[in-house]
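Novice: Shown below is the structure under consideration.
The values are calculated or read from the model by the stated rules, or taken from the named source; none is laboratory data. In this text, all values refer to a predicted model and were calculated from it rather than measured experimentally. Every residue, glycine among them, receives a Cβ derived from its backbone with ideal geometry; neighbour counts consider all protein chains shown. Note: areas computed on protein heavy atoms with side chains; ligands, DNA, RNA excluded. Shrake-Rupley method; radii C 1.70, N 1.55, O 1.52, S 1.80 Å.
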Amino acid sequence: ALRKENADAVNRSWREAQRLFHAALRHGFVDDAIFKLIKAPSIGEKYRNAYWLKEEILRKVLAAAPADKHRAILKAYYTNNAGDMEAIMAAIRAK
């Protein structure tokens, strides 16, 4: 039971990371280091890569965003709001 719950949590985190990755890809926030993280065949790799995938994208978005947008970015990121994150990415790239 615990193994299944762990796998479910990892897979949920992996799906969140993939949603964020696809949004970042659409708006030009993906580099080679991020591309390397998208492959994760095992549960252990998904666990590690999901964290780093989300973290690296967050860092790239924060680096490109004006300081007055950081609060909104962090709120969207920590509430797993992929829609808001994508809207913020689009707004940053539109400038």
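Novice: Express the accessible area of the chain per residue in Å², computed with a 1.4 Å probe while the remaining protein chains stay in the model.
Specialist: 65
Novice: Greater than 18 Å separation of Cα atoms is the criterion. Which listed pairs, Lys69/Lys95; Lys4/Lys46; Lys54/Lys75; Lys39/Lys75, meet it?
Specialist: Flagged as over cut-off: Lys39/Lys75.
Novice: I've got another one for you. Which of these, Leu74, Leu58, Leu37, has the largest mean-square fluctuation under a Gaussian network model of the chain (Cα springs below 10 Å)?
Specialist: It is Leu74.
Novice: Can you tell me the 0 to 90 degree angle between the C-alpha axis of helix 2-26 and the longest principal axis of the chain, rounded to 10?
Specialist: Value to nearest ten degrees: 30.
Novice: Could you report the accessible area of Ile38 in Å², rounded to 10, computed with a 1.4 Å probe on the protein chains as they sit in the structure?
Specialist: Near enough 50 Å² of accessible area.
Novice: With a 10 Å radius around each residue's Cβ, average the other Cβ atoms per peptide and rank 29-36, 16-23, highest first.
Specialist: So the order, starting with the most tightly packed, is 16-23, 29-36.
Novice: Counting only protein heavy atoms and a 1.4 Å probe, tell me what percentage of the chain's accessible area is made up of carbon and sulfur.
Specialist: 54
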